[in-house]
Amino acid sequence: MSDAYFYPQRMGRIILQGMEEIIGRNGVHVVLNLALHSEYIENYPPASSERTFPFQLISDLHVALEQAYGPRGGRGLALRSGRAIFTYGLRAYGSQLGLTEMAFRLLPLPTKLRVGAKAFAELFNRHTDQVVRIEETDTHLLWHIERCPLCWGRHTEGPTCHLAVGLLQESLYWVSGGKIFDVTETNCIAQGDPDCTISILKAPIS
């Protein structure tokens, strides 16, 4: 499959930094070698907005995590990496999103969830080739990834976009001031669904 879609180099750098925080520099070296992208070893992308970090590479990193640590271990490490990636992403994009402004911090929690989700989706839709659509029900926010880099080109038996689940888990924890939310991927393009859907229960579970 051709590398038709991309993230900016800055987001590629953030992904690798978040992974390094969880699996260490040597772990990232192993994953990059398995993903056949050794050119990034000790050579992370620059923090630029140039949109040249391919979807296929992001998907390959997911696959390599599972190869290196097993399906269950890779899933857990992808979730934890996603949470770490949010922290790096917030430093890079927080002021641009408006999420670090006091006016946002003082909003009621249901409003913060709604506003934050829309701002987050807009970041991806404007600055990457990923396509995100937000849907809201009485009880849930649904994060639909209609063009997904995390499972790009993959065919799996179950949902596999664990890094995105971890990213959303940490974003909700941060937005809510430390509350835990139920975040579950229910649909995945890799298993034949029309989009990757991550379901977020609006009421925190703790």
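Read-outs: derived from the displayed coordinates by stated rules, not from any lab. Quantities reported herein were computed from a predicted structural model and do not represent experimental measurements. All Cβ positions, even for glycine, are placed from backbone atoms using ideal geometry, and neighbour counts span all protein chains on display.
Numerical summary
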quantity	calculated
For peptides 101-113, 129-141, sequence by mean Cβ density within 10 Å, most packed first	129-141, 101-113
Fully extended contour minus Cα-Cα distance, from Lys179 to Val131, at 0.36 nm per residue	14.5 nm
Dipole in debye (nearest 20) - the chain, about Cα centre, beta carbon charges: Lys, Arg +1; Asp, Glu -1	580
Selection from Gly177, Gly12, Ile145 lying farthest towards where the dipole of segment 6-201 points positive, charges on Cβ	Gly177
Residues listed by number, segment 176-202, amide nitrogen under 16 Å from Val115 label point at 7 Å toward C-beta	176-177
Ala92 paired with Arg105, simple spin-label distance in nm, labels 7 Å along Cα-to-beta-carbon	2.4
Total formal charge among the other residues, if their Cβ is under 9 angstrom from that of Phe53, Lys/Arg +1 and Asp/Glu -1	+2
Charge tally in the Cβ shell below 13 Å around Arg133, where Lys, Arg are +1 and Asp, Glu are -1, Arg133 excluded	-3
Volume per residue of the C-alpha convex hull in the chain, rounded to whole Å³	113
